[in-house]
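Working notes, beginning with the structure itself.
The values are calculated or read from the model by the stated rules, or taken from the named source; none is laboratory data. If you're wondering where the values come from, they're calculated on a predicted model, not measured in any experiment. We place every Cβ from the backbone using ideal geometry, glycine too, and count neighbours over all the protein chains shown. To get the accessible areas, we keep the full protein, side chains included, count just its heavy atoms, and leave off ligands, DNA and RNA. Shrake-Rupley method; radii C 1.70, N 1.55, O 1.52, S 1.80 Å.
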Amino acid sequence: MVRETRISADDFIMPLFVRPGTGIKNEIKSMPGNFQFSVDTLVEETRELEAAGVPGVILFGIPDHKDAAGSEAYSENAIVCQAIEAIKKACPALCVITDVCLCEYTDHGHCGVVMENRDGQPDVDNDATLPLLVEEALAHARAGADMVAPSDMMDGRVLAIREALDEALFTDVPIMAYSAKFSSAFYGPFRDAAESPPQFGDRASYQMDPPNIREAMREIQLDIEEGADIVMVKPALAYLDVIREAYHEYEVPLAAYHVSGEFASIKAAALNGWIDEKRAALEVLTSIRRAGAKMILTYWAKDAARWLAEG
Ligand code: PBG
């Protein structure tokens, strides 16, 4: 009765990885219990998620072929588009969100187009990247995505995507912006999962410096001004103060991404018998909710939904 914060399955969004093929369910080594799926096995998984009460998923594509421009991100037959169509057919009520970014699709592993900068060094080109992100978001919307989530951190991408969606009459497709996305050590296992480690340099030029909270607020503010419907803080646990501040500062719905490395750390300890996974997971998820995030992107979505149902 006096419990101030409750989490429920309704708060969770499950990240899922999809690649071309059939019958594929490859466990991701650094993320036990998570898999790279093909579209057919992915659909089985989404049925289970829906049955467990999880209302949404976010899709990441792993193409067979990566190139400099990340063209599999926005091609006619993009793997994520195939996945959206299949999921919407099998589970029409499930909210299908798509990650909009190039890093899973580029051979260099960066989130945008790489060009030579004025010092002659390879560098991500913000403005050359925007039209490709727009194409990717449009492809997802055409395939039936319920929401798009740009995670690239290029400046101006929310506005560019919003304008293009509106122009194509996808006015009802909201944008969940990865707004305060920090340059974090906790993305390591994801890069295994998506086979997308940067081949040179790092992502620090377009991801945020962990010590900066005022910069995070500025990024969130800008995304809201550009038309973001939901803003996200990522990672979650090391940034609970950022979540809290954003919760107080802004009225748009707030999401937090409890990322791969945060999940993997506890999972590894649990598999060693050093920590009680269920208790630790529910405690962590509750803390993210308590800090102010309404939506939590978490690799525990299915398990946590079942644990909560068990009581
Ligand atoms: C970029 C993206 C990343 C994650 C989600 N979207 C990787 C990165 O920014 O390096 C990481 C999520 C996780 O670690 O679970 N497309």
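Screening residue 211 with (1) open to solvent by less than 10 Å² (accessible area, probe 1.4 Å); (2) more than 16 Å from residue 33 (Cβ to Cβ); (3) more than 15 Å from the ligand (Cβ to nearest atom) gives one miss only, at (1).
So which residues in the stretch 140-162 are more than 16 Å from residue 232 (Cα to Cα) and either surrounded by 22 or more Cβ atoms within 10 Å (Cβ to Cβ) or within 12 Å of the ligand (Cβ to nearest atom) (or both), if there are any at all? Correct list: 140, 141, 145, 161, 162.
Screening 185, 194 for residues that are modelled with pLDDT of 95 or more, out of contact with any Leu (no Cβ under 6 Å at 6 or more places or on another chain) and within 16 Å of the ligand (Cβ to nearest atom) leaves exactly one candidate, 185. Looking across the stretch 197-208, the residues that are part of a loop (DSSP other than H, G, I, E, B) and either within 12 Å of the ligand (Cβ to nearest atom) or buried (at least 17 other Cβ atoms within 10 Å of the Cβ) (or both) come down to 197, 198, 202, 203, 204, 206, 207. Taking (1) open to solvent by less than 20 Å² (accessible area, probe 1.4 Å); (2) near the ligand (Cβ under 9 Å from one of its atoms) in turn, residue 180 satisfies each apart from (2). Exactly one residue out of 166, 172 is assigned to a loop (DSSP other than H, G, I, E, B) and away from the ligand (no atom under 16 Å from the Cβ): that is 172. Cβ-Cβ distances below 7 Å connect the following pairs, each with a first residue in the stretch 184-196 that is in a helix (DSSP H, G or I), a second residue that is of a type outside the set (Gly, Ala, Ser) and within 6 Å of the ligand (Cβ to nearest atom), and a separation of six or more residues or different chains: 186/259; 187/259; 190/259. Looking across 38, 30, one residue alone is open to solvent by less than 20 Å² (accessible area, probe 1.4 Å) and hydroxyl-bearing (Ser, Thr, Tyr). It is 38.
Does residue 165 qualify as being free of Cβ contacts under 8 Å to residues at least 40 places away in the same chain, over 21 Å from residue 103 (Cα atoms) and surrounded by 17 or more Cβ atoms within 10 Å (Cβ to Cβ)? Criteria met by residue 165. Each residue in the stretch 225-275 was checked for being open to solvent by 40 Å² or more (accessible area, probe 1.4 Å) and within 16 Å of the ligand (Cβ to nearest atom), and 4 of them qualify.
The residue pairs whose first member lies in the stretch 281-294 and is of a type in the set (D, E, K, R), whose second member is assigned to a helix (DSSP H, G or I), and whose beta carbons are closer than 8 Å, counting only pairs six or more residues apart or on different chains, are 289/11; 294/11.
Inclusion of residue 109 among residues that are in contact with a Pro (Cβ under 8 Å, 6 or more places away or on another chain), among the small types (Gly, Ala, Ser) and at pLDDT below 95 is warranted.
Scanning the stretch 98-123 for residues that are more than 12 Å from the ligand (Cβ to nearest atom) and either open to solvent by 30 Å² or more (accessible area, probe 1.4 Å) or in contact with an Asp or Glu (Cβ under 6 Å, 6 or more places away or on another chain) (or both) returns 107, 113, 114, 115, 116, 117, 118, 119, 120, 121, 122, 123.
Matching residues to (1) in a loop (DSSP other than H, G, I, E, B); (2) of a type in the set (D, E, K, R); (3) touching a helix residue (DSSP H, G or I) at 6+ places or on another chain (Cβ under 6 Å):
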position	(1), (2), (3)
77	yes, no, no
86	no, no, yes
89	no, yes, no
93	yes, no, no
97	no, no, no
103	yes, no, no
110	yes, no, no
114	no, no, no
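Among the residues making up the stretch 41-69, those that are under 19 Å from residue 192 (Cβ atoms), open to solvent by less than 10 Å² (accessible area, probe 1.4 Å) and not in a helix (DSSP H, G or I) are 58, 59, 60, 61, 62, 63.
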